[in-house]
Every structure is written in structure tokens, then in C-alpha cells.
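The values are calculated or read from the model by the stated rules, or taken from the named source; none is laboratory data. Keep in mind that what you see is a predicted model, and the values were worked out from it rather than measured. In this analysis, Cβ positions are derived from the backbone assuming ideal geometry, glycine residues included, and neighbour counts consider all displayed protein chains.
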């Protein structure tokens, strides 16, 4: 059912996702557009490389918050439209809002439609819809990152964890959630295509969490 509230929520979700955290933070506090350095990506990982840990962590947390908040806009549409909480219809609305937020992050209207890869915003969405699956994704991400130092590989493995955890561990009966999990995998593979190529060639940059960032602008 389409209503003025659901349409407004979708627009708000896109605008939330479109907030170019890395670009605005870099320009406001460092006088730098992170898209002009490093990988050219307006996301937390490139911010970490270019501007350091504090900036990278701030961007990551805000981007997660964007995805989480946009997804939770489902609560403001009205139960008469979405159905009761935790129902399939309500989860579908959450997923739709989260996807729109991710699209906003990838193609932000506030930054010339040049955004990031959407991993942090995706995680915020997963956290809102299925916290248990989100925690499993975090566990996989941290484990892979600490062992390999590759953020891209960690993100890909975490992305594949979501549908696997949803189906085999948490045994979700909501088909749209499972379908979304598969779409997450495909999206991450598409947005990380260049990273995969560099990984295969052994040229992918590593991130050392416990060493001082030496990246120079």
C-alpha cells in the first residue's frame, strides 16, 4: 500500500543515505576531498587511509547510523500500512528503506552522485533488520581483517556471512530477507570489483589498525 507517509519515508531514506560523510568531514576539518586521494572512494576505508584513524572511525560510525536510521523510518509510516512489527510486510518496508539509503550513499545527490561503496551503510541496515546476523558479520569482518589486514576482503566475507547466517544459523522464514542477503553479496562484489582484481594480483593495500597512519596528502 502506497501512502504519503511511505513516499516521504523513501525520500527521507535516500537523503539520509546521500549525506557524504567522508567528503563533508574531510573538507570541513582537513580541507581535503578524500575522493581526490587514495582509492578515490568516499567511504570510511579511504578516509582511514587518507585522513587517519579518528576521521575514518567517525565516518564509519556516521555511515552506519545513516543506514540504521533510514531503515527504522519504517516505524513512522504507520502500522496500518506496514502491518505489525516483525511481520513480513514490515520487514519488507525496512529493507526497502535500507536499500534506498544505500543507493543514496552510492549515488549521493549532495556530492555529485559520487559516493562510497556502501558497506558501512549496508551494515547499519542489517543491524536494524537483524541484529544477530549483524553481530556475526562483525565477527567475521574483524577476524578476517586482523588476520589479513585487507578491509576489502573482510567486507566481502562479512557480506557473504549475512545470507548464510540468515538461512542456516538464524533460520529466518522471511524470503525477502534471504533475497536481500543474496543481493548484498552481489552488490559488494560489484562495488569491490577493482579490489578483487588487486587482491588477485597481490597489489591490494593493507590497513594496520595498531600502527600510526603514514599516508601523506
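Counting residues in region 48-55 that are over 17 Å from residue 25 (Cβ atoms) and crowded, with 18+ Cβ neighbours inside 10 Å gives zero. Is at least one residue of region 102-113 more than 26 Å from residue 14 (Cβ to Cβ) and part of a helix (DSSP H, G or I)? Checked region 102-113: no residue is more than 26 Å from residue 14 (Cβ to Cβ) and part of a helix (DSSP H, G or I). For region 1-73, the helices (runs of 4 or more DSSP H) that sit wholly inside it and include 3 or more residues that are touching a residue at least 40 places away in the same chain (Cβ under 8 Å) and either touching a strand residue (DSSP E or B) at 6+ places or on another chain (Cβ under 7 Å) or closer than 20 Å to residue 129 by Cα (or both) are 4-17, 53-71. Inspect all residues belonging to region 24-39 and state whether any of them is out of contact with any helix residue (DSSP H, G or I) (no Cβ under 6 Å at 6 or more places or on another chain) and under 17 Å from residue 151 (Cα atoms). No; the residues of region 24-39 include none that is out of contact with any helix residue (DSSP H, G or I) (no Cβ under 6 Å at 6 or more places or on another chain) and under 17 Å from residue 151 (Cα atoms). Residue 44 falls short on exactly one of the conditions (1) at pLDDT 90 or above; (2) surrounded by fewer than 22 Cβ atoms within 10 Å (Cβ to Cβ), and that condition is (2). For the condition touching a helix residue (DSSP H, G or I) at 6+ places or on another chain (Cβ under 9 Å) and either at pLDDT 95 or above or not in a helix (DSSP H, G or I) (or both), what is the one hit in 89, 85? Of the residues listed, the single one that is touching a helix residue (DSSP H, G or I) at 6+ places or on another chain (Cβ under 9 Å) and either at pLDDT 95 or above or not in a helix (DSSP H, G or I) (or both) is 85. A residue that is over 16 Å from residue 67 (Cα atoms), under 17 Å from the mean Cα position of the chain (by Cα) and assigned to a helix (DSSP H, G or I) can be found somewhere in region 126-134. When each of 182, 144, 156 is tested for being free of Cβ contacts under 8 Å to residues at least 24 places away in the same chain and farther than 23 Å from residue 96 by Cβ, the lone residue that passes is 144.
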